[in-house]
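Below is one structure, written out as C-alpha cells; the observations come after it.
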C-alpha cells in the first residue's frame, strides 16, 4: 500500500487496492474490470448486478470462492437531463460522516492478471434521484463476514441498498468525464459553472 496515492477519478482498467476472501489480511492491487465470456462473447465487465449472480453460472464460483471488498470514499453517478442537447450531470455520493467505506466485489485471474468487478443493486431513494442502480456498500460490521467462508444465501443477503439517510449527494464538475483528470476538484460541489463553498 506504500505506493498507493489518492485517486479522485478512478476509471475502469486502473489498478486498485482490494482485500479478498482468499487473503483477507493482505492488500492486493487488481485491475478494475473482469474479462469474461458471456453467451459465447468476450465481455469486459466492471459491474455485476446482484440479480445476475444467481442466473448466470459463470458467477457462481466467484460468489462462492472469490469475493472481495473495494475501499472507497465515494462514487459518481450521472443524471440524464431532459434536454437531449445537454450532457448528463455527474453527482458524487459519499457518507454523511465523511468516512470511507467498502464496496462488495468479485475477483478472478485472467492471463495471470488479477481483476475485479463491483456488485450493484437497486438504488436507495437518494441515489435513485440520479440513477436506478448503485454499487453495493457493505456495512462495516459485515466486511469480515463477506470475506469469510459463508454460504451463497448468506452472501446474497448482504447485497442490499445502503441506507440513504447515511449518505449525501453532491453535483460536481463535468471534468470527471475526463479519466485523465485527477484532482480534489472532482469531488467539490459545482453549481452553474461555479464551485460553491461546500454547503449542501
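The values are calculated or read from the model by the stated rules, or taken from the named source; none is laboratory data. Everything numeric here is computed off the predicted structure, so don't read it as measured data. Cβ placement follows ideal geometry from the backbone for every residue including glycine, while neighbour counts extend to all protein chains displayed.
Before moving on, here are some points about what is shown:
- Any hit, the range 44-51, residues being touching a helix residue (DSSP H, G or I) at 6+ places or on another chain (Cβ under 9 Å), surrounded by 12 or more Cβ atoms within 10 Å (Cβ to Cβ) and closer than 26 Å to residue 153 by Cβ: yes
- Per the listing 162, 195, the residue uniquely at pLDDT below 90 and either under 25 Å from residue 102 (Cβ atoms) or touching a helix residue (DSSP H, G or I) at 6+ places or on another chain (Cβ under 8 Å) (or both) is 195.
- Within the range 5-28, the set of residues being free of Cβ contacts under 8 Å to residues at least 24 places away in the same chain and either at negative phi or part of a strand (DSSP E or B) (or both) comprises 5, 6, 10, 14, 15, 23, 25, 26.
- Qualifying residue in the range 53-74 (condition: at pLDDT below 90, under 14 Å from residue 115 (Cβ atoms) and surrounded by 12 or more Cβ atoms within 10 Å (Cβ to Cβ)): yes
- Some residue of the range 111-120 being at pLDDT 95 or above, loosely packed, with under 14 Cβ neighbours inside 10 Å and touching a helix residue (DSSP H, G or I) at 6+ places or on another chain (Cβ under 7 Å): no
- Members of the range 79-97 found to be surrounded by fewer than 18 Cβ atoms within 10 Å (Cβ to Cβ) and modelled with pLDDT of 95 or more, listed by number: 95, 96, 97
- Contact annotation: residue pairs with Cβ atoms under 7 Å, 6 or more positions apart or on different chains, pairing a residue in the range 145-157 that is free of Cβ contacts under 8 Å to residues at least 60 places away in the same chain with a partner that is in a loop (DSSP other than H, G, I, E, B), are 145/158.
- Top-ranked residue of the range 165-186 - restricted to ones that are assigned to a helix (DSSP H, G or I) and at pLDDT 95 or above, ranked as farthest from residue 18 (Cα to Cα): 165
- Residue in the range 125-142 that is without any contact (Cβ under 8 Å) to a residue 60 or more places away in the chain, under 29 Å from residue 23 (Cα atoms) and in a strand (DSSP E or B) present: yes
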